[in-house]
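Let me begin by presenting the structure, written as structure tokens, before commenting on it.
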Amino acid sequence: MARPRKPLLSTDRIVEAARALVDAEGLAAVSTRRLAAELGVSGPSLYNHFRTKDEILEAVADSVSGQVDLSMFQDGRDWRTALHDWAVSYRAALRDHPNIVPVLARGPGRRPAGLRLADAVYGAMVAAGWPPAHATSIGALMRYFVMGSALGSFAGGFVDDASAYDPADYPHLQQAHLLAEQQEKIDERAFETGLTALLDGLARQYEQVRRTA
């Protein structure tokens, strides 16, 4: 009887395995030896696809960027709605893969999906009438905001032990021990509050830009 064939090693398989490892254990868990073991192959076989661990992590980061929806920049939505919907999709991708955010924070570099993301945002803003310099600043601003929201949970940073908040020391934190149990709701509301405020400010700037154009 013929022995069952192992699935062929491919770039996609390596990236998928590395992404799962990063999600589960963090960036430090990734090594060519560990990935080879996870994939059931010899270590040197990975070098046919990636030269270094850093290249693998770059590919993982780009695979996460590729999960961000960009259709809102192509289907006729106004610039403000498009930015809002894109930010929500961007945050969702980072929320699902928070451990890769430090790699993404370096910028797109040569990563194709990351560059397509930057190109879509910049192009849509210029097409909407923003001057190129403003469009660049908007792309940077949105990236700072979304990535910052993905770096950690505000609500999850408070322990659920009421005794940690002695009213003599923290007179305004008597409900802080309840924050952790409502983490998702609080963090979502905070994100939407900040995003709305940010877009309101941009809308005012946009009117000024249009008046002086």
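The values are calculated or read from the model by the stated rules, or taken from the named source; none is laboratory data. The structure presented is a predicted model; accordingly, all values stated were derived computationally and were not measured. All Cβ positions, even for glycine, are placed from backbone atoms using ideal geometry, and neighbour counts span all protein chains on display. Quick note on the areas: whole protein, heavy atoms, side chains included, nothing else; ligands and nucleic acids left out. Shrake-Rupley method; radii C 1.70, N 1.55, O 1.52, S 1.80 Å.
For the chain, what is the accessible area per residue in Å² when the probe is 1.4 Å?
Dividing the accessible area of the chain by its residue count gives 59 Å².
Compactness of region 97-193 is given as radius of gyration and Dmax, 18.8, 56 Å, from Cα positions.
Kirkwood Rh over Cα pairs of region 25-127 into Stokes-Einstein at 25 °C, 0.890 mPa s: D in µm²/s?
Once the numbers are plugged in, D ends up at 162 µm²/s.
Which of the following values of Rg and Dmax of the Cα atoms in Å was calculated from the structure shown: (1) 22.4, 87; (2) 21.6, 79; (3) 21.4, 75? Computing Rg and Dmax of the Cα atoms in Å and matching it to (1) 22.4, 87; (2) 21.6, 79; (3) 21.4, 75 gives (2). Under the combined filter of DSSP loop state and at most 11 neighbouring Cβ atoms within 10 Å, region 69-134 retains these trypsin sites (Lys or Arg not before Pro): R106, R110.
Each Lys and Arg Cβ is given +1 and each Asp and Glu Cβ -1; about its Cα centre, region 1-112 then shows a dipole of about 460 debye. Of the accessible area of the chain, computed with a 1.4 Å probe over protein heavy atoms only, carbon and sulfur atoms account for 54 percent.
What separates the Cα centres of region 188-203 and region 14-40 is a distance of 36 Å.
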